[in-house]
Amino acid sequence: MNIEQRIAQAESALQGVFSKIDAIELANTEKVLNAFREEQVSYRHFAPSTGYGYDDIGRDTLGKIFAKVFGTESAIVRPQIASGTHALALTMQGILRPGDVLLCASGRPYDTLEEVIGLSGESGNGSLMEYGVEYRECELTENGEIDIEKVLSMLDERVRLVHIQRSRGYAWRPALTADEINRVIDAVHAKSSRAVVMVDNCYGEFCQTEEPHADLLAGSLIKNPGGGLAPTGGYIAGRSDLVDLVAYRMTSPGIGAEVGSYAASYQPFYQGLFMAPHVTAQAIKCSALASKLFADMGYAVEPAFDASRNDIIQAIRFEEADKLIAFVRAVQAVSPVDSYVTPEAWSMPGYQDPVIMAAGTFVAGASIELSADAPVRAPYIGYLQGGLTYAHGKLAMKLAIETMEAL
Ligand SMILES: *Cc1c(COP(=O)(O)O)cnc(C)c1O
């Protein structure tokens, strides 16, 4: 069979999977649309602001809409939040005080948080540990689930913040379901009145119809909730007293979320959120197709093509460095931007191993657009994510497979 025929065969096996994804998209689009209607979004909300940005209606209404969509009391959504890591760091720094304990319930957090916490990086960089925060980590079980009993055994009155990462990140494990996360949140709250639970929601938004009911959710706007249109930014959504604490850290104590202007239009943030359920569904379809095609070729994949998805990532285990690199380069070569450049592994700030990355994206580095990245370390697992359109993902897989079979 030629590659077109193999893709056509994979697509017929995926019909049932695709209809489930369509149903999730419909429910999430309704949720987002209702929030826009309730807040009576109009052109005035897109207008830029300058200076302090007091009473910036575009900024404040965007926060209210995110809160409605995520089912929280409050949210801050800002272009000034530079990345997902920044949103997560602000959350930790806003809540934790000297002497408090941070408990990571889903094992080692995402690579870039290591330096935020103080697990790696230069001393004297202002990490949480430098400010007297103690760190505890609870490994996932062998099946990649949160070990609730063990988390509870590590939970005492000194624990102020429990961190859970929903997505797999750069790890060979399934993403956590909202149900599983909610069970941990409930168990933590039943045992401790002091502990606050935050979820690193990066890559998880809109993959299912429910978001985890955490005290705080944080994520990046150049991933799912920006819908491919937000040019930058991050969000923190949650209980309003806690979001206020994070806002005090974001600007300054006493001022919080009341300042912050944006001299460009807020339109891409609104339109991006409106598009986000659709774009996330397209990305998940690209991942499911890749999963099926690479599994058919004998590669280990995670998740399986027909598994229910809680993040947009498709992990493929290449076993050999040159196969991984060829795959990443093929994804770059079939990108709309910078298709002619050849990705090389490099030491990215915040990451421990050299990382190779394909991101031929309109918004620089945006991983809701079709992109692939991998720390170059055995067993050479590549992480594919994004895809603004399914057709793009399909063309990319065709070229990737052709390239790899020619190696
Ligand atoms: C991307 C990501 C982050 C960090 O976001 P950046 O925008 O790259 O700083 C944190 N956690 C997870 C799970 C992520 O996927």
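The values are calculated or read from the model by the stated rules, or taken from the named source; none is laboratory data. Bear in mind the structure is a predicted one, so any value in this text is a computation, not a measurement. Here the Cβ is made from the backbone with ideal geometry for all residues, glycine too, and neighbour counts use every protein chain on show.
Things worth noting here:
- Just one of the listed residues (ILE7, ILE76, ILE24) is under 29 Å from THR389 (Cα atoms) and either touching a Gly at 6+ places or on another chain (Cβ under 9 Å) or among the charged types (D, E, K, R) (or both), namely ILE76.
- Scope segment 163-212; condition farther than 20 Å from LEU273 by Cα, over 11 Å from the mean Cα position of the chain (by Cα), within 16 Å of the ligand (Cβ to nearest atom) and charged (D, E, K, R); matching residues: ARG173, GLU180
- Within segment 163-183, residues that are closer than 23 Å to PRO379 by Cα and at pLDDT below 90 have Cβ atoms under 7 Å from residues that are part of a loop (DSSP other than H, G, I, E, B) and more than 10 Å from the ligand (Cβ to nearest atom) in these pairs: ARG168/PRO174; ARG173/LEU140; ARG173/GLY144, counting only partners at least 6 apart in sequence or on another chain.
- So VAL355, is it among the aliphatic types (A, V, I, L, M) and more than 29 Å from MET275 (Cα to Cα): yes
- For segment 92-139, the set of residues classified as crowded, with 19+ Cβ neighbours inside 10 Å and of a type in the set (A, V, I, L, M) consists of MET92, ILE95, LEU96, VAL101, LEU102, LEU103, ALA105, LEU113, VAL116, ILE117, LEU128, VAL133, listed by residue number.
- Number of positions in segment 267-303 that are out of contact with any strand residue (DSSP E or B) (no Cβ under 6 Å at 6 or more places or on another chain), assigned to a helix (DSSP H, G or I) and more than 21 Å from PHE206 (Cα to Cα): 3
- Residues of segment 260-282 classified as surrounded by fewer than 17 Cβ atoms within 10 Å (Cβ to Cβ) and in contact with a Phe, Trp or Tyr (Cβ under 8 Å, 6 or more places away or on another chain), total: 3
- Residues located in segment 12-44, provided they are hydroxyl-bearing (Ser, Thr, Tyr) and not in a helix (DSSP H, G or I): SER42
- Selection within segment 213-225: residues that are in contact with a Leu (Cβ under 8 Å, 6 or more places away or on another chain) and closer than 22 Å to ASP111 by Cα. The member of this set that is nearest to the ligand (Cβ to nearest atom) is ALA218.
- Hey, ALA364 surrounded by fewer than 17 Cβ atoms within 10 Å (Cβ to Cβ) and within 15 Å of the ligand (Cβ to nearest atom) or not: yes
- Candidates SER120, SER153 - the one that is more than 14 Å from VAL184 (Cα to Cα) and either within 16 Å of the ligand (Cβ to nearest atom) or of a type outside the set (Val, Ile, Thr) (or both): SER120
- If you go through segment 141-150 and pick out every residue that is within 16 Å of the ligand (Cβ to nearest atom) and surrounded by fewer than 19 Cβ atoms within 10 Å (Cβ to Cβ), you end up with 1.
- Of all residues in segment 304-347, those satisfying the criterion of being free of Cβ contacts under 8 Å to residues at least 24 places away in the same chain and either within 30 Å of GLU180 (Cβ to Cβ) or away from the ligand (no atom under 16 Å from the Cβ) (or both) are ALA304, ASP338, SER339, TYR340, VAL341, THR342, PRO343, GLU344.
- Among the conditions (1) free of Cβ contacts under 8 Å to residues at least 24 places away in the same chain; (2) buried (at least 23 other Cβ atoms within 10 Å of the Cβ), the only one that THR251 does not satisfy is (2).
- Which listed residue, of GLY382, GLY387, is closer than 14 Å to GLY227 by Cα, of a type outside the set (D, E, K, R) and crowded, with 17+ Cβ neighbours inside 10 Å: GLY387
- Single residue of segment 345-367 satisfying the filter (assigned to a loop (DSSP other than H, G, I, E, B) and among the hydrophobic types (A, V, I, L, M, F, W, C)) that is modelled with the lowest pLDDT: MET348
- Residues satisfying the stated conditions in segment 114-129, i.e. free of Cβ contacts under 8 Å to residues at least 60 places away in the same chain and closer than 19 Å to HIS163 by Cα: VAL116, ILE117, GLY118, LEU119, SER127, LEU128, MET129
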